[in-house]
Amino acid sequence: MLNAIVKWAIAQRWLVVIGAIVTIFWIGRTVTQMPLDVLPSFAPPQIEIQTEAPGLAPEEVESLISLPLESAINGTPRVTTVRSSSAAGISAVRVVFSWGTDIYKARQLVTERLQLAQSKLPEGVEAPQISPPTSPIGTIIKYAFTTDGQTSIMDLRRTIDWQVTNRLMSVPGVSQVLAFGGEQRQFQVLVDPQKLKAFNVSLNQVSEAVRASNTNASGGYLITADQETLVRGIGRIESLEDLKQSVIASRQGTPVRLMDVAEVQIGSGVKRGDGSLNGQTAIILMVNKQPMADTPTVTRAVEAAMKDLEPGLPKGTKATRTFRQEEYIEASVDNVRSALIEGGIIVAIILIPFLMNWRILAVCISALTLSLLLGLLALGLLGQSLNTMTLGGLAVAIGSAVDDAIVYAENAFRCLRENRQSPNPRPALEVVYQGCADLTDSVFGATLITVVVFAPIFALTGVEGSIFSPMGIGYLVTVLASSVTAVTITPALCALLLPGGRLPNTETWTARFFKRWYEPLLIFSMRRSSLIIATALGMTIAAIAIIPALGRIFLPEFQEQTMVNTLMLYPGSSLEATNKAAFVVEESLKNDPRYSYVQLRSGRALGDGDAAGVNLAHIDIGLSEEGMKNRAASLEKMREEFNQIPGAAPNIGGFISH
């Protein structure tokens with residue numbers, strides 16, 4: 001059957017070549033629509049549930065909130081793990097589902113369970129909230145908003161909450177926008193106990209008056225013969241003065257107003273998180289994307305939205321982009337592109353001295369290019385995204401992909417040369433067919449061996465399987481694609497290019513030189529086969545013995561330019577103490593030319609899945625081009641500065657390895 005395909009490809013060589021060209025354009029369009037990401041989705045479907053409980057201690061949050069929620073969710077179909085963390089004022093429950101579960105169906109099941117559990121929560125606790133779905137490495141871009149003093153940080157935070165966040169949430173593919181730092185604007189009522197006593201007013205009366213002063217009431221309709229009018233009681237607060245004039249009670253016909261017993265002012269809410277950039281107070285904005293959303297597309301849409309928003313920001317406000325995940329993807333694509341170019345150059349360097357024929361070189365390079373493109377097409381049809389692992393599989397497969405074309409072209413070329421020297425030469429196309437057909441079984445046998453050798457990688461489960469299986473898929477589809485091109489485009493190109501070229505009478509000098517060295521080694525190996533086998537077994541045993549002494553690491557270290565470091569103080573440390581400790585690191589590194597920026601995110605933001613305490617700070621540090629020249633020294637300097645902070649536990653890591 002395979003030889004029949006080879007014969008058809010030679011007979012319809014122009015049709016095969018035209019079909020290959022059309023396929024290349026089709027693949028080019030398909031590849032541009034494939035999602036791009038740093039790593040494949042390596043985590044099972046997960047749902048994060050957060051419940052705010054102001055004023056409750058961690059042990060109360062655990063017993064009154066986390067435990068009832070866990071009990072309600074346990075038993076949900078396809079749930080494998082339920083974990084929770086309880087901190088002061090917040091409960092975070094993470095529900096992990098089995099692989100392959102539809103995340104949206106899982107969210108529906110959890111929502112139904114939460115409705116049943118909500119009645120068991122204590123009074124004053126907010127309703128449990130399910131965090132938006134995000135990918136495992138979901139943060140695609142970060143911005144730091146700073147002000148030169150013309151606008152207060154409170155007004156800047158209000159603008160970000162009402163304008164920037166809402167605009168970015170409308171971008172297709174964005175699932176969540178988190179804001180660290182700033183001051184949240186509040187109308188604050190600071191009650192004076194002495195005045196309460198003087199006016200004989202209780203604190204409950206004040207609370208009720210504040211609550212009632214900010215409501216509208218419906219009065220129904222005023223209906224006349226030909227029209228109706230909506231009757232409303234307008235009571236919502238529009239200014240601070242409206243709140244001050246709210247009536248609490250009446251004493252002998254004289255109203256007791258809120259301003260009589262309390263100081264009413266605009267102030268900042270209790271901060272559970274903060275942010276800064278290079279030592280300057282800032283609001284840090286993090287944008288997370290939805291699962292399976294294309295990172296470059298969403299990133300560019302967010303950047304376009306930010307460009308539209310910048311003219312409307314308050315005076316003196318500057319938005320600095322501090323992180324962009326697309327840069328990792330661009331680096332991965334550039335590396336694969338470089339590997340392809342270098343692979344083609346290496347193939348040319350090897351083939352030219354051995355074959356001394358540009359026609360064979362053209363056949364091999366064309367087959368290699370088409371094999372890699374078919375591999376990309378297969379990845380798209382299998383639902384894979386373009387990421388570090390799948391592209392790495394393509395890069396590793398370059399040698400195997402070009403090997404089939406080299407073997408076919410070289411054998412066809414040799415057969416044509418021998419046929420010309422024969423006293424009864426056969427037709428050139430028949431010789432090309434015979435040269436290709438002689439190797440078909442061997443080539444496909446080698447391909448099957450390769451598939452069997454790589455099969456164990458698909459036996460990996462969990463996170464390991466999710467990360468490494470795409471690399472194996474990328475490698476195998478490229479190798480299989482090279483086998484397809486070996487029986488189609490390679491014979492067709494050989495039939496078009498090789499018969500009309502110059503055919504030397506002898507092999508090239510390079511081939512003759514290496515044969516002179518190889519022949520005595522071959523004879524020695526055949527005569528001393530026992531010695532060769534014993535040596536091979538000895539080396540195998542030695543290699544197995546060395547394995548336990550080798551270092552072990554889950555993933556190789558990425559040469560990341562963005563470092564995401566943590567600084568943890570003792571439990572009970574205040575947010576101000578955490579900021580002071582992080583400020584020491586910022587001050588020591590911000591003027592160092594090896595670092596482009598130092599950004600602080602302390603505590604937590606509303607809706608943040610980490611649910612970190614105020615004693616934890618994330619310090620994002622960007623390495624400059626100068627810092628990347630000696631990355632190890634730059635990281636060592638960072639460690640020295642972090643280790644100088646007493647009573648703190650630092651952790652140095654990159655965006656991916658963090």
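If the cut-off is 24 Å between C-alpha atoms, which lysines fall inside it for LYS195, apart from same-chain ones fewer than 8 positions away?
LYS244
Cβ under 12 Å from ASP155's Cβ, ASP155 left aside: what net charge do those residues give with Lys, Arg +1 and Asp, Glu -1?
Net local charge, ASP155 excluded: +2.
Quick one: accessible area per residue over the stretch 525-658, 1.4 Å probe, rounded to a whole number of Å²?
With the other protein chains kept in place, the stretch 525-658 gives 56 Å² per residue.
How large is ³J(HN,Hα), in whole Hz, for each residue of the stretch 418-433 in order, when computed from phi with the Karplus curve 6.51 cos²θ - 1.76 cosθ + 1.60 and θ = phi - 60°, using x for Gly and Pro?
Rounded to whole hertz, the list is 5, 5, 5, 7, 6, x, 10, x, 9, x, 4, 5, 5, 5, 4, 4.
Looking only at GluC sites (Glu not before Pro) in DSSP loops with at most 13 other Cβ atoms within 10 Å, what is the longest site-free stretch of the chain?
It runs 239-556.
Any idea how far apart GLU636 and ASN214 come out in nm if each label point goes 7 Å out from Cα toward Cβ?
5.6
Positive end of the charge dipole of the stretch 514-648 (Lys, Arg +1 and Asp, Glu -1 on Cβ, about the Cα centre): tell me which of PHE514, PRO646, GLN559 has its Cα farthest that way.
PHE514
Provide the per-residue ³J(HN,Hα) series for the stretch 254-267, in order, calculated from phi with Karplus coefficients 6.51, -1.76, 1.60 and θ = phi - 60°, each as a whole number of Hz, with x at glycine and proline positions.
9, x, 9, 8, 4, 5, 7, 10, 8, 8, 9, 8, 9, x
Once you have the Cα-Cα distance between LYS120 and LYS105, take 0.36 nm times their residue separation minus that, and quote the gain in nm to one decimal.
Computed gain between LYS120 and LYS105 is 3.0 nm.
With the contact rule set at Cα under 8 Å and sequence spacing of 6 or more, what percent relative contact order holds for the chain?
For the chain, the relative contact order is 18 percent.
Distance in nm between label sites at LEU230 and ASP610, each 7 Å beyond Cα in the beta-carbon direction?
Going by the 7 Å Cα→Cβ label model, 4.5 nm.
Quickly work out the PHE199-to-ALA543 label distance, labels modelled 7 Å from Cα along the C-beta direction, and quote it in nm with one decimal.
Between ALA543 and PHE199, the simple spin-label model gives 8.7 nm.
Mind sorting out which of [x] 46.6; [y] 35.4; [z] 37.5 is the real mean projected area of the Cα convex hull in nm² computed from the coordinates?
It is the one labelled [x].
Which pairs in the list LYS315/LYS637; LYS271/LYS318; LYS315/LYS629; LYS318/LYS580; LYS590/LYS629; LYS307/LYS580 are over 29 Å apart, alpha-carbon to alpha-carbon?
Beyond 29 Å between Cα atoms: LYS315/LYS637; LYS315/LYS629; LYS307/LYS580.
With θ taken as phi - 60° and the coefficients 6.51, -1.76 and 1.60, list the Karplus ³J(HN,Hα) couplings across the stretch 32-37 in order, rounded to whole Hz; mark glycine and proline as x.
For the stretch 32-37, the Karplus-derived couplings read 5, 9, 6, x, 10, 8 Hz, x marking Gly and Pro.
How big is the stretch 424-481 on each of its three principal axes, counting only the C-alpha atoms and giving the largest first in Å?
On the principal axes, the stretch 424-481 reaches 63, 15, 6 Å in Cα extent.
Leaving out ligands, DNA and RNA, what percent of the accessible area of the stretch 507-658 is carbon and sulfur, probe 1.4 Å?
The C+S portion of the solvent-accessible surface of the stretch 507-658 is 63 percent.
Considering only the other residues whose Cβ falls under 9 Å of the Cβ of GLY279, what net charge follows from Lys and Arg at +1 and Asp and Glu at -1?
-1
For the stretch 318-404, with all protein chains present and a 1.4 Å probe, just round the carbon and sulfur fraction of the accessible area to a whole percent.
Using a 1.4 Å probe with all protein chains present, the stretch 318-404 comes out at 66 percent carbon and sulfur.
Carbon-plus-sulfur fraction of the accessible area of the stretch 150-261, 1.4 Å probe, in percent?
Carbon plus sulfur share of accessible area: 49 percent.
Would you work out which of LEU178, LEU109, ILE406 lies farthest towards the positive end of the dipole of the chain, given +1 charges on the beta-carbon of Lys and Arg and -1 on that of Asp and Glu, about the Cα centre?
ILE406
Any idea of the accessible area per residue across the stretch 166-244, 1.4 Å probe, to the nearest Å²?
Normalised by residue count, the accessible surface of the stretch 166-244 is 67 Å².
Keeping all protein chains in place, calculate the accessible area per residue for the stretch 271-399 (probe 1.4 angstrom), answer in Å².
Value for the stretch 271-399: 43 Å² per residue.
The values are calculated or read from the model by the stated rules, or taken from the named source; none is laboratory data. Note that the structure is a prediction, hence the values are computed from the model and not measured. Heads up, the Cβs are rebuilt from the backbone with ideal geometry, glycines too, and the neighbour counts pull from every protein chain shown. The protein model used for the area step is the full one, side chains on, heavy atoms only, and it has no ligands, DNA or RNA in it. Shrake-Rupley method; radii C 1.70, N 1.55, O 1.52, S 1.80 Å.
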